[in-house]
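Here the structure is laid out as structure tokens; the discussion comes afterwards.
The values are calculated or read from the model by the stated rules, or taken from the named source; none is laboratory data. On a predicted model such as this, the values are computed, not experimentally measured, just so you know. With ideal geometry, Cβ positions are generated from the backbone for all residues, glycine too; neighbour counts draw on all protein chains shown. Just the protein is used for accessible areas: all its heavy atoms, side chains included, with ligands, DNA and RNA removed. Shrake-Rupley method; radii C 1.70, N 1.55, O 1.52, S 1.80 Å.
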Amino acid sequence: MADDARKKEILEKLKNGVIQYDEDACKEGAQEAVDGGLDANEAIFDGLVAGMEEVGRLFEAQEYFVPEILMCADALYAGLDILKPHCQQMDLGLKGSVVIGTVEGDVHDIGKNLVKMMFDVAGFTVYDLGRDVPLDQFVEEQLRTDSDLVCLSAMMTTSMIGMPKIIEKIKAKNPNCMIMIGGAPTSKELADKWGADGYAEDASNALKEAIKMVSFLRKLREEKAAKK
Amino acid sequence: MGKAAVAVRTFSAASLKELLAREGATLVGVGDITEGLSREITHLNRGIALAVNRSLNRDTVDLLVRLERIAVKWLKERGFRSLAIPPDSDRINDKLIAKLYHLFSHKTAATCSGLGWIGKNGLIINETYGSKLSWATVLTDAPIEPDRPLTESQCGDCTLCVKHCPSGAVSGQSWSRGEPLKRLVNYEKCRSLKKVRPRFEEKPNCGLCITICPFSRNGHKQG
């Protein structure tokens, strides 16, 4: 795309569309990006994700609350759905697939859905098992898909206790698979004790961690582009 | 946007109400819904209740959704936040925000804005239109002057819906905001009708408690 000003305008529209949870603006911006021949990955990372980064900041500053976050996420998806088919696979040395779900006995999945969104954005193949997922299903799904990452979420202590069993089973069969746990009752100590590779205690932290991860990918992209 | 920095001064939403009425709303009210909001949405303590008379010959749900969008835009232009809770029959569940819809009931906004009370039939009854209205709510943090709430049932001694319910599901008790746990309708009994009369496939209700209500019949004439 030759016209830099136009490109900037579209990226700005996508970014603000996410921040102001304006689905129509995101759809419009995404369509303009596609029609104008803008690189879809660039539109996602420098438009939609840039917006989500700001949303994360607003949430931390207690300017935004859960409803706003969810509406921002819906706006992001509205744009992502249009851009996704035009994306080229990013070569980051990762296969990039993840199994994610809320464990058996738990139906709270707001945090899980936010993390899932950032994986979607990052171009991962996401196998979402949903909520109240039987423990063995995580193990089976990991084996079936050979995914790099498994994310387990639980909001309640009573459902969290199923986590170490899943971790143990997956690690026994596939030691290279990374496992992240999340939800209010989890902690770094528990993650360490159970052999999980990462943790996030609530939706905001999960979002923060996921944004960090995707921001890192964004940086990798930039570095790669700079080398060219 | 910092709320603490600005002194909260309420303002009248007369112009918004007029706009929505022009666009096809049958009723518009603003309720102070501070009490009883769940933690996730405590900052959105005004509920704009929107109602459309179902006897109007139009696609009610589409109209309600359009009205909500108008209200959201109006509020956004003035720097306020909002969360549109769609009509019950139009919940797109693949949206992330849909997780929060169940946190708020349209009945709360309707009673808090004085547009109706909860009848013996468990449904919102408006003085003019009875239970024949479809509802949607826009929650917002805009400090709009609230309308006067209704906190007690206005059904009086009328027991038509109790007598005519084919499943005997209506208990006949009167609603009061102070007694939220009172069980007005036995919904299992209400749903059981589906088994007896399979043609009521989609909704659990036969609607007799709506049509029999004197207030609803009143509304029908007006439509």
A:VAL115 passes all but one of the listed conditions (1) within 14 Å of chain B (Cβ to nearest Cβ); (2) among the hydrophobic types (A, V, I, L, M, F, W, C); (3) touching a Pro at 6+ places or on another chain (Cβ under 8 Å); the exception is number (3)
Answer yes if at least one residue in segment B:83-95 is in contact with a helix residue (DSSP H, G or I) (Cβ under 6 Å, 6 or more places away or on another chain), within 11 Å of chain A (Cβ to nearest Cβ) and free of Cβ contacts under 8 Å to residues at least 40 places away in the same chain, and no otherwise. yes
Candidate set: segment A:146-177, residues that are under 21 Å from the mean Cα position of the chain (by Cα) and exposed (fewer than 15 other Cβ atoms within 10 Å of the Cβ); chosen: the one nearest to A:ASP109 (Cα to Cα): A:ASP146
Exactly one of (1) more than 14 Å from chain A (Cβ to nearest Cβ); (2) under 22 Å from B:ARG191 (Cα atoms); (3) modelled with pLDDT under 90 is unmet by B:GLY178. Its number? (2)
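Scan segment B:20-56 residue by residue and report those that are within 21 Å of A:VAL66 (Cβ to Cβ), outside any loop (DSSP other than H, G, I, E, B) and open to solvent by 10 Å² or more (accessible area, probe 1.4 Å). If you could, list the steps in order and put the result at the bottom.
In the first step, residues of segment B:20-56 are kept if they are within 21 Å of A:VAL66 (Cβ to Cβ); the result is B:33-48.
Filter once more, keeping what is outside any loop (DSSP other than H, G, I, E, B): B:39-41, B:46-48.
Answer for segment B:20-56, where residues must be within 21 Å of A:VAL66 (Cβ to Cβ), outside any loop (DSSP other than H, G, I, E, B) and open to solvent by 10 Å² or more (accessible area, probe 1.4 Å): B:ARG39, B:GLU40, B:ARG46.
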Report yes if some residue within segment B:103-115 is β-branched (Val, Ile, Thr) and outside any loop (DSSP other than H, G, I, E, B); otherwise report no. yes
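Condition test on A:LEU143, is it closer than 18 Å to A:ALA200 by Cβ and either within 12 Å of chain B (Cβ to nearest Cβ) or open to solvent by 10 Å² or more (accessible area, probe 1.4 Å) (or both)? Walk me through how you get there before you give the answer.
Working: closer than 18 Å to A:ALA200 by Cβ: no; either within 12 Å of chain B (Cβ to nearest Cβ) or open to solvent by 10 Å² or more (accessible area, probe 1.4 Å) (or both): yes.
The answer is no for A:LEU143.
If you go through segment A:88-102 one residue at a time, do you hit one that is modelled with pLDDT under 90, in contact with a helix residue (DSSP H, G or I) (Cβ under 7 Å, 6 or more places away or on another chain) and crowded, with 20+ Cβ neighbours inside 10 Å? It would help to see each step written out before you state the result.
Applying the first criterion (modelled with pLDDT under 90) to segment A:88-102 yields A:88-98.
From what is left, the residues that are in contact with a helix residue (DSSP H, G or I) (Cβ under 7 Å, 6 or more places away or on another chain) are A:88, A:90, A:92, A:97-98.
Now restrict to residues that are crowded, with 20+ Cβ neighbours inside 10 Å: A:98.
Yes, segment A:88-102 contains a residue that is modelled with pLDDT under 90, in contact with a helix residue (DSSP H, G or I) (Cβ under 7 Å, 6 or more places away or on another chain) and crowded, with 20+ Cβ neighbours inside 10 Å.
From the list A:GLU53, A:GLU42, exactly one residue is outside any loop (DSSP other than H, G, I, E, B) and open to solvent by 50 Å² or more (accessible area, probe 1.4 Å). Which is it? Break it down into steps so the answer makes sense when it comes.
On the way: A:GLU42 fails: open to solvent by 50 Å² or more (accessible area, probe 1.4 Å).
That would be A:GLU53, the only listed residue that is outside any loop (DSSP other than H, G, I, E, B) and open to solvent by 50 Å² or more (accessible area, probe 1.4 Å).
Looking only at residues in segment B:69-82 that are in a helix (DSSP H, G or I) and within 13 Å of chain A (Cβ to nearest Cβ), which one is least open to solvent (accessible area, probe 1.4 Å)? Spell out the reasoning first.
Taking segment B:69-82 and keeping what is in a helix (DSSP H, G or I), we get B:69-77.
Still in the list and also within 13 Å of chain A (Cβ to nearest Cβ): B:69, B:72-73, B:75-77.
On the way: B:ARG69: 137, B:VAL72: 37, B:LYS73: 125, B:LEU75: 0, B:LYS76: 76, B:GLU77: 122 Å².
Going through the qualifying residues, I end up with B:LEU75.
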Answer yes or no as to whether A:VAL115 is open to solvent by less than 10 Å² (accessible area, probe 1.4 Å), at pLDDT 80 or above, more than 26 Å from A:GLU28 (Cβ to Cβ) and of a type in the set (A, V, I, L, M, F, W, C). no
Would you please name the residue that is nearest to B:LEU96 (Cα to Cα), looking only at residues in segment A:59-71 that are under 18 Å from the mean Cα position of the chain (by Cα) and more than 9 Å from chain B (Cβ to nearest Cβ)? A:PHE59
Could you tell me how many of the residues in segment A:188-204 are assigned to a helix (DSSP H, G or I) and either at pLDDT below 70 or in contact with a helix residue (DSSP H, G or I) (Cβ under 6 Å, 6 or more places away or on another chain) (or both)? 3
